[in-house]
Each structure stands twice: as structure tokens, then as C-alpha cells.
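Below is one structure, written out as C-alpha cells; the observations come after it.
The values are calculated or read from the model by the stated rules, or taken from the named source; none is laboratory data. These numbers were taken from a predicted model, which means no experiment stands behind them. Positions of Cβ are backbone-derived with ideal geometry, glycine not excepted, and every protein chain shown enters the neighbour counts.
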Amino acid sequence: MRQKVIVVGAGLIGASIGLQLQRQGADVTFVEAGLPASAASGRSFGWINAGFYLDQTHHHLRAEAMAAWHRLHRMLPKLALEWCGCLSWDISGDELEARQGELSQMGYPVERWDRARIADAAPMLASDVQDALWLPGEGVAEAGVVTRQLLRAAQTEGAQLMTGTRVVGLSETGGRVSGVTTQSGPLQADNVILAAGTGARALLAPLDVALPMLTRPGAIMQSRPVARVLDRVMVSPDLEFRQDGEGRILAPTAGAHQSDDSDMLDAAPDELAHDTMMRLQRWLPDVEISWERITLAMRPVPGDGRPVVGPCGPAGLSVAVMHSGVTLGALMGELVAQEVLSGEASDWLTPYRPQRFAAAGAN
Ligand SMILES: Cc1cc2nc3c(=O)[nH]c(=O)nc-3n(C[C@H](O)[C@H](O)[C@H](O)COP(=O)(O)OP(=O)(O)OC[C@H]3O[C@@H](n4cnc5c(N)ncnc54)[C@H](O)[C@@H]3O)c2cc1C
């Protein structure tokens, strides 16, 4: 008999997990408090990379996640993904050489580019960028669009999507999860996956499952559309930026946004947008840039910065909450679906289990 699975949250992580479950024979219902991709996934920078990592194990997970996106992209060729590569000059000299050495040693494609290569690839970039790393395997996802594409693919296979439906609790029968309670009534299921981003913690608390979360607001400045000047992700010492398909240049207001540890935005949104635009102008001196909008979202960052994935609480309940969810999304879909349907634990997820917080006495 087909297993009935409720996926709480229709962001990128929920969409990816739900699609894989539906394709592999489950009956999936997505239950979403707002609209699909209305939280972090619709306001993300969307950079897919393993150049940022917390340790080697985390790097290998991210590299495998890039491979998982290629697998999914082959299955759904119209996904809004681009393997554009990344040009990075945020560090220089010995530091740059050390990073290149470390990445190469881990088998990650990386090249050192001199001024001539940089000027050839990015003629509009400031001429004082002399030395950079080129990371050809990296890419971007228009994460909101991709989320909706994955949901549509799952719906085509028979999944159901309920929007505007907030889950307020989980129901349990005989030590096993039996569904969820929503504002509009109960829903039954054999398994429940919490892919609710920053909303997961509150749903787990009554079950005594600890999920410490950091408070990490993120903001992205978007310029008015300009003629195409960039065709890859750019990483400067004070700013990351890229151009989207409509010509807008996107830049998180925090430089090195993946490791940003501020728990508050340090200025009003319009000031942040203006400041980001000025920093961007320094790197693209001949492009007339004006900011058009700024998007804000809370980033779902677990207490130790690492993903939290796997079974927890009563039997039949799993959680999947993480930052860098755009990078990790396709792989999380594969791994969580496999664990739920086969009951076999994946080695990839061993370091990222929710139980590590209970062991540490976190709350
Ligand atoms: C500014 C910014 C820049 C980022 N840049 C990158 C990047 O470059 N690369 C990268 O890999 N990652 C990046 N991220 C992180 C990435 O976007 C997130 O990790 C990813 O989108 C998380 O997806 P999710 O589905 O887990 O969460 P979300 O997209 O937040 O979705 C969770 C969903 O659950 C729903 N929900 C919550 N509670 C309930 C409830 N009780 N009942 C029903 N539904 C509920 C919410 O409404 C929401 O739609 C960035 C994030 C931000 C904000």
C-alpha cells in the first residue's frame, strides 16, 4: 500500500523531498502556511557551491549536493538552474594560494586566473582585480522558480498542495506520528516531514525535540535591469553579486553572506540597499547601477550552522532544516526520501542528525 506522507513547508527543501517521495511511490501532501517559496527560498541568492564549507565532511556533502542537482537537472531539464561558475577574489596572495591548494586536494575544480583571463571573462569588472580563483563547477538556482517547478513536477505525479494552511501541531497514536493538526482541522499520514525552515523549531518543542536555531536575517539588494554585464557569480572582498535572467544585479547586503553571523540587520533596509549599491558600483565602475528593491528573509540556520536532517521524536517523524538549502536541496530530496521509504539510514547524514542537540543538552 502507498505510504501517505505529509511534508510541512513548501520551500525548496520540502518541494525537493516531496517530489522524490512522490516519484518513488508515496502519496504526498504538501501543507504550506503561506504560498510556495514565500520564505527563505523565494528570497535567496541562490548560489550552488562547495567552495564555502565548515569542514571537509561538509565540503564533501556540498560537492555531492552539486552532483545531485545535475541528476535532477537531467530529469527536469527546464529547471531554472545555470552552471555559470564563480570568480572569486575575496582573498589574495598566500591565502588565495592556500585556498586553491585545499580545494584542489579535495578534488574540487579550481583554477588561478591572472589579469588577462579576468579581463577577458569579465570586461566590465574594475581593472584592479589582478588575481582570482575560477571555480567552474559552481552555479545558481532561481530558487523561488525552482521550488515551484519541483512542486509542479510532484503535482503532475499526483501530489497535493495545500497553501494558506498552517500546521499547529503533530498528532501521535501509540508512539507513532499519525498526522498533523492544522488551523482548518486534522490531516492523517503515515509519515510527516518537517521542512518548515525557521518554523520547525516551534513544532518540535512540544515533543521535547531540541532544535536550536540562530537568528540570521538576510537581505538582498536588486538593481534595476541593465544590459548583460555578468555571466557568473562574483565574489569580491566586500560583496557577492550576480546578474539574473532579467538583467537585475543581485547582491546580499552582507559581504560573505554564507558565514554572516549578525543577528540583526545593521541599518534600515533602504540604507542597506544604497550602501550595497555603492559597493557594487566600485566593482562595476562603468555600469550605471541603481537599486530597485530589497528583499528580506530569516535564514534557517541551525544552532551549529550545520544541516539538521533525519528522524526525531515519535516514529514516522523526520525533520530537514538547513542553511545553504539551495546548494543542498536536490541531495536532501534524494536522501530523505530514501530513508523514509526504505528505513535505511544514509551515511551522508550521520553528522547532521537532530539528536546531537539533545546530547549537548541544547534547547
Ligand atoms: C538572503 C538569503 C541568501 C541566501 N543565499 C543562499 C545561497 O546563496 N546559497 C544557498 O545554498 N542558500 C542560500 N540561502 C539559504 C537558502 O535559501 C535556504 O537554506 C533554503 O531556501 C531553505 O529552504 P527551506 O525549504 O528549508 O525553507 P523555507 O524556504 O524558509 O521554507 C519553509 C516553508 O515552511 C513554511 N512553514 C513554516 N512553518 C509552517 C507551519 N507551521 N505550517 C506550514 N508551513 C510552515 C513557510 O511558510 C515556508 O514556506 C539564502 C537565504 C537567504 C534568506
Can you find, within the range 317-340, the residue that is surrounded by the most Cβ atoms within 10 Å (Cβ to Cβ) among those that are closer than 15 Å to residue 351 by Cβ and of a type in the set (Gly, Ala, Ser)? 320
Take the residues in the range 9-32 that are within 11 Å of the ligand (Cβ to nearest atom) and assigned to a loop (DSSP other than H, G, I, E, B); name whichever of them is farthest from residue 168 (Cα to Cα). 11
Considering only residues of the range 276-294 that are part of a strand (DSSP E or B) and surrounded by fewer than 16 Cβ atoms within 10 Å (Cβ to Cβ), which is nearest to the ligand (Cβ to nearest atom)? 293
Listed residues 297, 273, 254; which is more than 12 Å from the ligand (Cβ to nearest atom) and either buried (at least 17 other Cβ atoms within 10 Å of the Cβ) or in a strand (DSSP E or B) (or both)? 273
So in the range 1-36, with the set limited to residues that are under 13 Å from residue 161 (Cα atoms) and in contact with a Ser or Thr (Cβ under 6 Å, 6 or more places away or on another chain), which one is surrounded by the most Cβ atoms within 10 Å (Cβ to Cβ)? 15
Across the range 128-153, what is the total count of residues that are closer than 24 Å to residue 65 by Cβ and either among the polar types (S, T, N, Q) or within 14 Å of the ligand (Cβ to nearest atom) (or both)? 15
Kindly indicate whether residue 211 is buried (at least 16 other Cβ atoms within 10 Å of the Cβ) and either within 13 Å of the ligand (Cβ to nearest atom) or under 19 Å from residue 3 (Cα atoms) (or both). yes
Residues of the range 156-178 that turn out to be assigned to a helix (DSSP H, G or I) and either surrounded by 20 or more Cβ atoms within 10 Å (Cβ to Cβ) or within 16 Å of the ligand (Cβ to nearest atom) (or both), as a count: 0
Going by the conditions given, is residue 45 closer than 27 Å to residue 163 by Cβ, touching a residue at least 12 places away in the same chain (Cβ under 8 Å) and in contact with a His (Cβ under 7 Å, 6 or more places away or on another chain)? yes
Inside the range 70-93, the number of residues satisfying the requirement of being more than 30 Å from residue 119 (Cα to Cα) and either at pLDDT below 95 or surrounded by 14 or more Cβ atoms within 10 Å (Cβ to Cβ) (or both) is 4
Suppose we keep only residues that are farther than 18 Å from residue 333 by Cβ and not in a loop (DSSP other than H, G, I, E, B) within the range 43-59. Which one would you say is nearest to the ligand (Cβ to nearest atom)? 47
Among the residues listed as 305, 313, the single one being away from the ligand (no atom under 12 Å from the Cβ) and part of a loop (DSSP other than H, G, I, E, B): 313
Within the range 233-249, work out how many residues are closer than 18 Å to residue 90 by Cβ and either surrounded by 21 or more Cβ atoms within 10 Å (Cβ to Cβ) or free of Cβ contacts under 8 Å to residues at least 24 places away in the same chain (or both). 9
